[in-house]
1. Residue check: is residue 9 of a type in the set (Gly, Ala, Ser), free of Cβ contacts under 8 Å to residues at least 40 places away in the same chain and out of contact with any strand residue (DSSP E or B) (no Cβ under 7 Å at 6 or more places or on another chain)?
2. Select from region 32-52 the residues that are part of a loop (DSSP other than H, G, I, E, B), surrounded by 10 or more Cβ atoms within 10 Å (Cβ to Cβ) and on the phi < 0 side of the Ramachandran plot and list them in ascending order.
3. Kindly provide the set of residues from region 26-67 that are modelled with pLDDT under 95, among the aromatic types (Phe, Trp, Tyr) and touching a helix residue (DSSP H, G or I) at 6+ places or on another chain (Cβ under 9 Å), ordered by number.
4. If residue 20 satisfies every condition in (1) surrounded by 10 or more Cβ atoms within 10 Å (Cβ to Cβ); (2) in a loop (DSSP other than H, G, I, E, B); (3) aromatic (Phe, Trp, Tyr) but one, which is the exception?
5. Given the structure, is residue 9 modelled with pLDDT under 95 and among the small types (Gly, Ala, Ser)?
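The values are calculated or read from the model by the stated rules, or taken from the named source; none is laboratory data. Computed from a prediction, not measured in an experiment: that's the story for all the values here. Backbone-built Cβ (ideal geometry, glycine too); neighbour counts: all protein chains shown.
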Amino acid sequence: MLKKRSNSSDLSFRELRIYYSEKDYHLEDKSFETNLNLRNEDGEYNLLAELLSDRNNIPFIFVKFQG
């Protein structure tokens, strides 16, 4: 997931930044993508970046159970 290149190179992370801000995490704009491992070794967005981006085409189901 971290090594495989994303299908899109035009990704934005506005919602992700808002989420971190609401949780009182301060992420520098310059190091945001590096700190979250959103680029592969070649500097291209990876699948994690595509999954966390504002508009992604990866189906994702998240379930949280109590207990």
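1. no
2. Within region 32-52, 36, 38, 40, 44 meet the criteria.
3. The answer is 32, 60.
4. Exception for residue 20: condition (2).
5. Considered against the rule, which asks whether it is modelled with pLDDT under 95 and among the small types (Gly, Ala, Ser), residue 9 comes out as yes.
A quick yes/no check of all residues on (1) under 21 Å from residue 59 (Cβ atoms); (2) touching a residue at least 12 places away in the same chain (Cβ under 8 Å); (3) touching a Lys or Arg at 6+ places or on another chain (Cβ under 6 Å):
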| residue | (1), (2), (3) |
| --- | --- |
| 2 | yes, yes, no |
| 17 | no, yes, no |
| 24 | no, no, no |
| 33 | no, yes, yes |
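Rundown of residues vs (1) at negative phi; (2) not in a loop (DSSP other than H, G, I, E, B), yes/no style:
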| residue | (1), (2) |
| --- | --- |
| 3 | yes, no |
| 16 | yes, yes |
| 25 | yes, no |
| 30 | yes, no |
| 67 | no, no |
